[in-house]
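What follows is a short report on a single structure.
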Amino acid sequence: MNPAIELRRVRKSFGKTAVINGVDLAVARGERHAIIGPNGAGKSTLFNLITGRHRVSGGGIYLNGEPIADLKPFQINRKGLSRSFQVTNIFNNLSVFENVRCAALWSLGYKYSFWQRLEAAADARRRAAEVLEEIGLARRRDTPAGVLSYAEQRALEIGITIAGGADVILLDEPTSGMNRSETAATVALIRKVTVGKTLVIVEHDMSVVFDLADRVSVLVYGEVIASDAPAAIRANAKVQAAYLGTAKA
Amino acid sequence: MRSLNAPFFVQTLKFKPLNVERWLLWGGAAVVLVALPLVVHKGFALTLLSQMGIMVIFALSYNMLLGQGGMLSFGHAVYSGLGAYFAIHALNLIAKGALVFPVTLLPLVGGVFGALSGVIFGWVTTKKSGTTFAMISLGIGEMVAACSLMLPGFFGGEGGVTGNRQVGRPFLGISYGPEIQVYYLIAAWMFVSTAVMFALSQTPLGRIANAVRDNPERAEFIGYDTQVVRFLQLVLASFFAGASGALSAINFEIVTAENVGMLRSGGVLVATFIGGVGFFFGPILGAVIFTFFAVAISSATKAWLLYLGLFFIAMVMFAPGGVASLIVLNLRVAKAALFARLVPAYGAAIAASLIALGGFVAIIEMIYHLELEAMNDPVLKLFGLRLDVTAPAPWVGAVAVFVAGSALWWPAWRWLRRRWDEVQLRLGEGIA
C-alpha cells in the first residue's frame, strides 16, 4: 500500500538560499507523525510545500501515491489533505459556525452553487454543529471569529481544518503560545479528531510530541537526519547532538 | 439524537418569529413601493423616486463585490453602462420592428449583456484580489470610457444614443408614456432584484464569497479556487448592474458615454460606502441619500458635489460602517432601553451641527453667488433671508454663525462620545 504522504528528494530554495535540501519522508496511513527541529530548520516550509502554498524547486510529493507537487492548494485539499496554520488563519468577520460550515461545504458537494439556499443544506449544518461540539465551541456558535480568545481561535483553526473530513491532517504548531492546561486540552482534542486519520504535526513542545506521535522525524538545516519511533529518536546520538542538545543527555 | 430529547415544537417556535419578521419586512417594503406615488405624485418627486430605484439596484450589485466579496472596484459603471447601451439599441430595434420583445423585460437584455461583459472583463480583473484588483478595474474603466469615443457607431459619440420607450401597442394599457408607469416598472424590478440579490447572499457561493473577502488564503485551503469565487460573484453582480443600466436607458431614453464613465463608477462607490458595506440593506440607504444629493440638492445648488464630498468625508471619519451601522448600533442601544441616555447629547450635537452647517452653507452659497450671479442681482435668497453678497454684513453674519456652531459642536461631540462609551460599556456588561 502507498504511504499517505511521501516526499522524494524534495528541494526548495528561495533565491540562492536553499531551505530544504533533498528531504525523503514517508508517512504511513493512519500514522501520527511529528516533525521536530530547531528554529529555521524548514518545518513550516516543508508544510507549505506539501500543501501547495509554495512550489518545490525539485523532487516529488505524493498523496496516496498520486503526485501533487504541481497542484494548487485547493486542488490538494480536494484530494483529502487539510492543514492548519502556525499563525491563526480564520475568517474573522464570519461567525464561528459559519467558519466551520464554509470549511465543510466543498467536501459535501456544494461547490460554487448559487441556486440553492445555504439554510437548506442540512448536512452542512449538521456537520458544522458536530465539529463545534467536538472542538468545544458550540457555546460560541454565533460569535464573530475575530473576537474569540486566543485559545478559542486555535481550537477553531483545528475545527476549520477537520470540517471537510480530510483523511490527511497537517497541523502546524497547534499548541504554540498556550499554557499547560490549554496544551493538554488541545492534545486531547487532536487525539480525538484524528482517530483513523493520518496526522502530521509540527511541534516545539517535546512533551506533546512524545505523547502524541507514533513516529518522529527530525529536520535540521533542511534535511531529515532521523525518522523513527519516539523512543529511538530520544536515544539517537545524532539527534541529541544536533537538536536536543548534548548537555541534556 | 439531540432533537429526540427536545419537545418537537421547540424548533418550530424558534424559527417562526424569524420568518414572520422577514415576511413583514418584505411585504411592508412592497406596500410602501406601491403606495408611494399616492403620497408623492408630483412630477419631480416621482422622477426622484425612479432614479433612486435605479441607484438602489446599482449600489446593491456593487456591494456584492465590495461588501460581500471584498473587491474594491473602480469600474463598476462599465457593466451598468454597457447594459444600458445594449438595452437602448434593443429598444431601437424594437421600434424599427426588427425585434419583438416587451419593454417590460428590457432589463433582462441589459442584465444578460452586463453579465457577458462581466465574463469578459471579470476574467481579467478577478485573477487578483486587493489592490491589484482595484487597479485593474480602474484600467478597464478607463479603457471602456475611451472606447466610447473611439467607436461612435455603438456608443453614439458625444451625443450618445437616444431611444423612445413608447414602442409597440400598449399592453393592458401600459405604454410607458406616463412617468408613473416607468416608476412602477422600476419599483417592480428593484423589488425583485433586491430579493434575488438577498437570496444570492444566502447561498453557498454567497457565503464563500464572504470567506474569500475575510481571508482568501485560507479559502484556498478549504478547497475553493478564490479566482473562480470572485469571478462568479462579479458576473452575477454585473447582471444586476446591467439591469439597472437598462432601467436608466428606459427612464431617460438616452445613453451617453457618461453611463460607462469614471464619475458613475466613483458615484456608486460613494453611495454604497455612505449606506454601509457591512449590511445587506446598507447600499439601499446609500443609494437613496446619494440620489437625493445628485438630483434634489443639485437642482437647488451648484455646490451639491462639494456638500456630497464633505458628507462622504464625514461618514468615512466618524461612521465608517455607514448609515446602516449607525442605525443598527442605535437600535441595539434602544433595545436595551438605554437610548434615553443618549437623547440629550444627540440633541446638542445635532443642534450645534445644524448651526455650523447653516453658517457654512451660507458662506459657500454666497461665494457661488458672488462669482456667478452678482452682476445680475447681488441679492441671494437663502433660508428665507435676502442677503446682499456685495455688502459686508451678511459675510460677517455667516462667518459668526459658522464659528459659533463649530465652537458649540466640539463640546457637544465630546459629550456624545462620553455618553456613547458609557452606554456601550453597559451593553457589554449586559452581554457578559
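A short reminder: the numbers here are calculations on the coordinates, not readings from a lab. Nothing here was measured: the structure is a model prediction, and the numbers come from that model. Ideal geometry is used to build each Cβ from the backbone, glycine not excepted, and the neighbour counts take in all protein chains shown.
One table, with the values for the structure above:
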item: Structure-based [θ]222 nm, chain B - -39500 (n - 2.57) summed over DSSP H runs of at least 4, per residue, nearest 500; result: -25000 deg cm²/dmol
item: Rg/Rg_globular for chain A, with Rg_globular taken as 2.2 N^0.38 Å and Rg from C-alpha atoms; result: 1.03
item: Rg/Rh ratio calculated on Cα atoms of region B:336-431 (Kirkwood radius); result: 1.24
item: Label-to-label distance, nm, for residues given as residue B:199 and residue B:354 (7 Å Cα→Cβ offset); result: 4.4 nm
item: For region A:1-96: relative contact order, % (alpha-carbon pairs under 8 angstrom, 6 or more apart); result: 29 percent
item: Label-point separation, residue A:28 to residue B:124 (7 Å along Cα→Cβ), nm; result: 5.6 nm
item: Cα centroid separation, region A:140-218 to region B:268-311 (Å); result: 48 Å
item: Span from the region B:355-383 Cα centroid across to the region B:178-256 one, whole angstrom; result: 42 Å
item: Computed [θ] at 222 nm, helices only, for chain A once each DSSP H run of length n ≥ 4 contributes -39500 (n - 2.57); result: -9500 deg cm²/dmol
item: Spin-label model distance (nm) - residue A:149 vs residue B:300, 7 Å beyond Cα toward Cβ; result: 5.4 nm
item: Ratio of Rg to Rh over region B:247-402 (Cα coordinates, Kirkwood Rh, two decimals); result: 1.05
item: Prolate/oblate/rounded call for the protein assembly as shown, Cα gyration tensor, a/c under 1.5 rounded; result: prolate
item: Förster radius 22 Å - calculated FRET efficiency between residue A:14 and residue A:221, Cβ distance, rounded to 0.05; result: 0.90
item: Order of B:304, B:26 - criterion: other Cβ atoms within 10 Å of each residue's Cβ, fewest first; result: B:26, B:304
item: Under the span-like rule (Cα at least 27 Å along the axis, Kyte-Doolittle mean at least 1.0), DSSP H helices of chain B; result: B:9-39, B:43-69, B:77-96, B:106-125, B:130-150, B:179-201, B:226-252, B:343-372
item: Region B:403-426 and region A:71-92: distance between their alpha carbon centers, rounded to Å; result: 47 Å
item: Residues residue A:181 and residue B:135, FRET efficiency given R0 of 35 Å [Cβ-Cβ distance, rounded to 0.05]; result: 0.10
item: Order of B:93, B:172 - criterion: other Cβ atoms within 10 Å of each residue's Cβ, fewest first; result: B:172, B:93
item: Linear extension gain, residue B:96 paired with residue B:403, 0.36 nm per residue minus alpha-carbon span; result: 104.3 nm
item: 29 Å Cα-Cα reach of residue B:302 towards lysines, excluding residues that sit fewer than 8 places from it in its own chain; result: B:42, B:381
item: Chain B, relative contact order [Cα under 8 Å, separation at least 6], %; result: 22 percent
item: Lysines whose Cα lies under 30 Å from that of residue A:192, excluding same-chain neighbours fewer than 8 positions away; result: A:43, A:72, A:79, A:111
item: Cα coordinate range in region B:25-171, projected on the principal axes (Å, largest first); result: 48, 43, 25
item: Sorted by Cβ neighbour density within 10 Å, fewest at the top, the residues B:377, B:214; result: B:377, B:214
item: Taking only Cα atoms of chain B, radius of gyration then Dmax in Å; result: 24.6, 85
item: Net length gained if the chain between residue B:162 and residue B:314 were fully extended (0.36 nm per residue, minus Cα distance); result: 50.9 nm
item: Relative contact order [Cα under 8 Å, 6+ residues apart], chain A, whole percent; result: 26 percent
item: Principal-axis tilt of helix A:96-105 within chain A, Cα atoms, nearest 10 degrees; result: 80 degrees
